[in-house]
Amino acid sequence: MKSKVASFSVDHTTLDRGFYLRSSYTALGFYPIRSYDMRFRAPREKQYLSPEAIHTIEHLMAHYLRERLGNKVISFAPMGCKTGFYVVVKGWTSQRKVMEAVLEVCRTQSNLKTKEDIPGLTEVQCGNPEFYNIEESNAALKEYGDLLEKLLK
Ligand SMILES: [Zn+2]
């Protein structure tokens, strides 16, 4: 079935790992809201992130991106296809600034040792706090950080 959703108009057979502006909106006619595609894996390679690693990265990014970008982060959400995440940012923040913030989180959070290093992973704050994978999250963040560093040069 055909659909006009913005992300469905991207050809995923040629999509590379990267950081892409996926859609841009304005609220009240002037206030920018941008959705970025953080593509950790190229779909054609079929090397998907594990759901446990995705959940771990979701907690890390949700917490630490807000430490860096404050309330400009509207949401951080995993893609159901397990190849990346969406981050939605409001206000006049450049793509480069968002990428630098993501890079910083990749660099500072890819050496985790225990569950206690993951923010919000408690019975009260999360729907499934035993569902995580530190090793895979460390590896995926390191790999994505390397890519962002290249893209930012
Ligand atoms: Zn959770």
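The values are calculated or read from the model by the stated rules, or taken from the named source; none is laboratory data. Just so it is clear, the structure is predicted and the values come from calculations on it, not from any experiment. Using ideal geometry, Cβ is built from the backbone for each residue, glycine included, and neighbour counts are taken over all protein chains shown.
The rows are residues; the columns are (1) at pLDDT 95 or above; (2) hydrophobic (A, V, I, L, M, F, W, C); (3) under 17 Å from residue 112 (Cβ atoms); (4) exposed (fewer than 13 other Cβ atoms within 10 Å of the Cβ).
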residue	(1), (2), (3), (4)
25	no, no, no, yes
28	no, yes, no, yes
42	yes, yes, no, no
47	yes, no, no, yes
58	yes, no, yes, no
61	yes, yes, yes, no
69	yes, yes, no, no
Top-ranked residue of the range 32-60 - restricted to ones that are in a helix (DSSP H, G or I) and in contact with a helix residue (DSSP H, G or I) (Cβ under 8 Å, 6 or more places away or on another chain), ranked as farthest from the ligand (Cβ to nearest atom): 53
Qualifying positions in the range 84-118 - surrounded by 21 or more Cβ atoms within 10 Å (Cβ to Cβ) and part of a loop (DSSP other than H, G, I, E, B): 109, 118
Residues being of a type in the set (Val, Ile, Thr) and outside any strand (DSSP E or B) - total across the range 70-83: 1
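I need the full set of residues from the range 119-138 which are surrounded by 13 or more Cβ atoms within 10 Å (Cβ to Cβ) and without any contact (Cβ under 8 Å) to a residue 24 or more places away in the chain, in order please.
Restricting attention to the range 119-138, the residues satisfying the condition of being surrounded by 13 or more Cβ atoms within 10 Å (Cβ to Cβ) are 119-121, 126, 129, 131-134, 136-138.
Answer for the range 119-138, where residues must be surrounded by 13 or more Cβ atoms within 10 Å (Cβ to Cβ) and without any contact (Cβ under 8 Å) to a residue 24 or more places away in the chain: just 129.
Quick one: is residue 29 assigned to a loop (DSSP other than H, G, I, E, B) and away from the ligand (no atom under 16 Å from the Cβ)?
Working: assigned to a loop (DSSP other than H, G, I, E, B): yes; away from the ligand (no atom under 16 Å from the Cβ): yes.
When the stated conditions are applied, residue 29 passes them.
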Residue among 2, 72 that is more than 20 Å from residue 132 (Cα to Cα) and in contact with a Gly (Cβ under 6 Å, 6 or more places away or on another chain): 72
Any hit, the range 85-97, residues being within 16 Å of the ligand (Cβ to nearest atom) and either at positive phi or touching a residue at least 40 places away in the same chain (Cβ under 8 Å) (or both): yes
Hey, residue 122 assigned to a loop (DSSP other than H, G, I, E, B), farther than 24 Å from residue 12 by Cα, more than 16 Å from the ligand (Cβ to nearest atom) and among the hydroxyl-bearing types (Ser, Thr, Tyr) or not: no
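In the range 61-74, what residues are within 14 Å of the ligand (Cβ to nearest atom) and either out of contact with any strand residue (DSSP E or B) (no Cβ under 8 Å at 6 or more places or on another chain) or hydroxyl-bearing (Ser, Thr, Tyr) (or both)?
Step one: filter the range 61-74 for residues within 14 Å of the ligand (Cβ to nearest atom), giving 61-63.
Of everything in the range 61-74, just one residue is within 14 Å of the ligand (Cβ to nearest atom) and either out of contact with any strand residue (DSSP E or B) (no Cβ under 8 Å at 6 or more places or on another chain) or hydroxyl-bearing (Ser, Thr, Tyr) (or both), namely 63.
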Residues that are closer than 14 Å to residue 59 by Cβ, aromatic (Phe, Trp, Tyr) and in contact with a Cys (Cβ under 7 Å, 6 or more places away or on another chain), drawn from the range 109-153: none
Among (1) exposed (fewer than 15 other Cβ atoms within 10 Å of the Cβ); (2) under 15 Å from residue 137 (Cβ atoms) - the single one residue 12 does not satisfy: (2)
